[in-house]
Amino acid sequence: MSTSPESVEEDAHETNDDKHLTFVIGEGSYALHISHVTEIIEMQTVTSIPNAPRHVRGIINLRGKVIPVVDVRACLCMEERPYDSRTCIIVVHEESPVGLVVDTVREVVDVPPEAVLDAPAVGEHSDAGYITGIAKMEDSTQIILDFRKLLASR
């Protein structure tokens, strides 16, 4: 199920701190805290940047602002796949906006704190510090990502 920018905006203005945007990459279900999401846009032409890291796909012009675009698949060391009609860009904002390419956006869900488990220890040399927790939902499990740490780890 795709989420329009308007519905993300409506959900972001609610006072509930438990809202997360869920999305799919490969076979995995992931989530970001909604407070970081500015909007969701359809995939568009990305202008490549010479000598950029593998995960940085390039830049886009979004209403007059130049925004770097990062492929989350590449950040997670997953195999590349062609973009399709379900591929979209989640625009997140911390100090400046960044576009995150994901396979499919699902929906905004409530993730109560009691549903979040600590991130599992994957190994002694794991660099999975970008996983802030695992949300156990009624019918699924969501890996909650900290996009800042994910981008910094690459």
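The values are calculated or read from the model by the stated rules, or taken from the named source; none is laboratory data. All of these numbers come straight from a predicted model, not from anything done at the bench. Here the Cβ is made from the backbone with ideal geometry for all residues, glycine too, and neighbour counts use every protein chain on show.
Here are 63, 86: which of them is surrounded by fewer than 18 Cβ atoms within 10 Å (Cβ to Cβ) and either touching a residue at least 12 places away in the same chain (Cβ under 8 Å) or under 11 Å from the mean Cα position of the chain (by Cα) (or both)?
One residue alone meets the criteria, 86.
Within the range 22-42, how many residues turn out to be touching a Cys at 6+ places or on another chain (Cβ under 9 Å) and at pLDDT below 95?
The qualifying residues number 0.
When you look at residue 74, is it outside any strand (DSSP E or B), small (Gly, Ala, Ser) and under 24 Å from residue 144 (Cβ atoms), yes or no?
yes
Only residues that are of a type in the set (D, E, K, R) and part of a strand (DSSP E or B): list them for the range 61-71, please.
Of everything in the range 61-71, those that are of a type in the set (D, E, K, R) and part of a strand (DSSP E or B) turn out to be 65, 71.
Of all residues being among the aliphatic types (A, V, I, L, M) and over 22 Å from residue 105 (Cβ atoms) in the range 118-145, which is modelled with the highest pLDDT? Just the residue, please.
119
How many residues are under 12 Å from residue 37 (Cα atoms) and in a strand (DSSP E or B) if we restrict to the range 81-104?
9
Could you tell me which residue of the range 39-60 is surrounded by the fewest Cβ atoms within 10 Å (Cβ to Cβ), considering only residues that are assigned to a strand (DSSP E or B) and more than 16 Å from the chain's Cα centre (by Cα)?
47
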